[in-house]
Amino acid sequence: MAIDRLLKDEATEEKGERARMASFVGAMAIADLVKTTLGPKGMDKILQSTGRGRNVTVTNDGATILKSLHIDNPAAKVLVDISKVQDDEVGDGTTSVVVLAGELLREAEKLVASKIHPMTIIAGYRMAAECARDALLQKVVDNKEDSEKFVSDLKKIAMTTLSSKILSQDKEYFAKLAVDAVLRLKGSTNLESIQIIKKPGGSLKDSFLDEGFILDKKIGIGQPKRIENAKILVANTAMDTDKVKIYGARVRVDSMSKVAEIETAEKEKMREKVQKIVAHGINCFVNRQLIYNFPEELFADAGILAIEHADFDGIERLALVTGSEIASTFDNPESVKLGHCKLIEEIVIGEDKLIHFSGVELGQACSIVLRGASFHVLDEAERSLHDALCVLSQTVVDSRVLLGGGWPEMVMAKGVDELARKTPGKKSLAIEAFSRALLAIPTIIADNAGLDSAELILKLRAEHHKEATNAGIDVISGAVGDMAELGISEAFKVKQAVLLSATEAAEMILRVDEIITCAPRRREEDRM
């Protein structure tokens with residue numbers, strides 16, 4: 001007895017060749033979408049949302065582009081995920097990882113078409129990835145012991161990261177800014193203590209690094225504008241109880257004097273709360289919620305600076321850098337941990353007034369103030385700087401450094417080619433294919449710069465067959481250049497993450513031989 005139908009109506013399944021084809025095509029389409037953003041001459045993309053306000057984002061950050069896409073193809077979603085993980089893990093290389101995975105699948109498609117089993121291809125890819133990683137490990141440079149050389153390495157890495165972003169015009173300035181900020185962290189990879197504030201106006205060159213913490217708020221009227229040796233209480237509590245808080249409650253009174261009595265009782269309640277807060281012996285009170293006029297007056301009379309409506313991100317960070325804890329009850333002053341800083345003052349950036357906390361307890365805290373022509377420029381500058389900060393903070397921990405500009409790919413491809421010659425059987429075809437996929441990255445960098453990629457790659461390959469060469473693509477002069485002289489460096493951790501993530505993603509998609517799509521859930525009409 002044959003089973004007519006196993007799946008529900010409208011559920012679809014694709015098997016064997018068709019399923020593999022759908023996976024390959026989806027993944028390659030995603031790689032083709034972002035590959036024009038690769039390299040120093042990569043182009044940007046405009047992303048426009050269809051929601052309210054039709055927000056526009058201008059970016060060439062692979063992870064940001066792919067995060068914003070609504071994708072139907074399951075294999076393409078795997079590539080979007082690896083770019084997100086790359087962004088969270090090391091911050092840079094989000095485009096490279098997708099492009100490499102796409103190229104590995106493009107090569108695999110040709111091999112599958114010539115009747116080589118996917119498992120043979122996967123075994124070859126695994127051997128090739130291991131070999132490529134070993135080839136890089138033999139070439140890494142580690143200057144952790146020599147602090148001067150290490151700082152210079154960090155600057156080069158920051159400049160290489162920024163050269164493909166909007167900040168490329170002022171990359172030396174921003175590289176120095178990012179390196180200074182990361183060295184303050186003293187080896188921590190927690191970027192929470194580096195705050196980035198965006199203020200439109202001026203040019204990108206007007207951006208600066210400021211030690212301490214800047215809160216994007218104004219100081220209230222009649223309150224001290226400058227406090228030395230501040231004791232700070234950071235709180236998340238309601239300071240607006242001059243209205244009855246039980247919504248829907250009704251109070252019936254028979255005369256206006258009774259209303260006045262209720263108001264007086266509420267004011268007394270508020271006064272008690274303020275007195276409890278003042279009893280902590282503080283001279284600065286920062287609240288997440290509103291502070292109404294009456295408590296604000298009481299704080300001003302007590303000579304306390306009260307800051308209201310500090311956004312949640314702001315108070316979390318402020319609590320972290322001043323060494324305090326966020327409080328919401330004030331009955332036991334001894335159990336509340338206060339924050340300390342040497343000086344609180346009001347500063348002006350552009351047209352806006354902000355509050356500056358300097359000499360904070362967490363010495364590594366600092367704020368980077370970005371200036372720029374418009375919000376789009378500032379958003380993209382923040383993404384670029386965040387990438388550089390992530391890469392640098394990872395490099396401080398794992399200080400191995402490689403040259404950039406297509407040099408690592410050529411080194412890996414050379415190692416993988418040698419392995420292919422030694423490997424017997426069909427696996428060697430997969431290993432060769434891996435080597436071709438690696439060469440695609442320098443090819444795309446050259447293509448994006450409008451250069452003759454075939455000519456350049458062949459010249460590069462010839463250079464790399466000489467011993468100990470530093471040859472890579474110099475897109476500015478459009479020729480093969482010495483990467484060590486040009487100061488183009490990359491972090492080993494980024495390259496390793498790109499190589500391993502792309503190989504694993506390609507492997508996962510290669511294993512697929514069936515795609516089953518569930519039937520959509522129906523809305524029940526008779527629910528009412």
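Return the pair list, or none, for Cβ contacts closer than 6 Å from residues in segment 425-449 that are hydroxyl-bearing (Ser, Thr, Tyr) to residues that are surrounded by fewer than 24 Cβ atoms within 10 Å (Cβ to Cβ), at least 6 apart or on different chains.
Every condition considered, the pairs that remain are Ser428/Ala420; Ser435/Asp417; Thr443/Ser453; Thr443/Ile457.
Conditions tested, residue by residue: (1) within 30 Å of Ala75 (Cα to Cα); (2) open to solvent by less than 50 Å² (accessible area, probe 1.4 Å).
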site: Arg106; (1), (2): yes, no
site: Lys110; (1), (2): yes, no
site: Ser114; (1), (2): yes, no
site: Pro118; (1), (2): yes, yes
site: Ala123; (1), (2): yes, yes
site: Ala128; (1), (2): yes, yes
site: Ala132; (1), (2): yes, yes
site: Gln138; (1), (2): no, no
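When Asn190 is evaluated against the numbered criteria (1) open to solvent by less than 30 Å² (accessible area, probe 1.4 Å); (2) within 28 Å of Ala230 (Cα to Cα), which criterion, by number, is the only one it fails?
It is condition (1) that Asn190 fails.
Report yes if Met1 is under 26 Å from Gly93 (Cβ atoms), among the aliphatic types (A, V, I, L, M) and either open to solvent by 70 Å² or more (accessible area, probe 1.4 Å) or at pLDDT 80 or above (or both), otherwise no.
No, not satisfied.
Does segment 193-221 hold any residues that are in a helix (DSSP H, G or I), in contact with a helix residue (DSSP H, G or I) (Cβ under 9 Å, 6 or more places away or on another chain) and open to solvent by 10 Å² or more (accessible area, probe 1.4 Å), and which are they?
Listed by number, the residues that qualify are Leu204, Lys205.
Please specify each residue of segment 145-164 satisfying the condition of being over 28 Å from Asp44 (Cα atoms) and either without any contact (Cβ under 8 Å) to a residue 24 or more places away in the chain or surrounded by 23 or more Cβ atoms within 10 Å (Cβ to Cβ) (or both).
Matches in segment 145-164: Glu145, Asp146, Ser147, Glu148, Lys149, Ser152.
Within segment 332-352, which residues are touching a residue at least 60 places away in the same chain (Cβ under 8 Å) and open to solvent by 80 Å² or more (accessible area, probe 1.4 Å)?
Lys342, Glu351
Out of the residues in segment 417-440 meeting the condition of being part of a helix (DSSP H, G or I) and basic (Lys, Arg), tell me which one is least open to solvent (accessible area, probe 1.4 Å).
Looking at residues that are part of a helix (DSSP H, G or I) and basic (Lys, Arg), I get Lys427.
Scan segment 226-261 for residues that are at pLDDT 70 or above, assigned to a loop (DSSP other than H, G, I, E, B) and open to solvent by less than 100 Å² (accessible area, probe 1.4 Å) and jot them down.
Asn236, Thr237, Ala238, Asp240, Val251, Val253, Ser255
Got a number for residues in segment 34-49 being in a helix (DSSP H, G or I) and buried (at least 19 other Cβ atoms within 10 Å of the Cβ)?
3
Can you report the number of residues in segment 266-325 which are outside any helix (DSSP H, G or I) and not aromatic (Phe, Trp, Tyr)?
Summing the residues that are outside any helix (DSSP H, G or I) and not aromatic (Phe, Trp, Tyr) in segment 266-325 gives 25.
The values are calculated or read from the model by the stated rules, or taken from the named source; none is laboratory data. All of these numbers come straight from a predicted model, not from anything done at the bench. Using ideal geometry, Cβ is built from the backbone for each residue, glycine included, and neighbour counts are taken over all protein chains shown. Ligands, DNA and RNA are stripped out before the accessible areas are found, and what is left, the full protein with its side chains, is counted by its heavy atoms. Shrake-Rupley method; radii C 1.70, N 1.55, O 1.52, S 1.80 Å.
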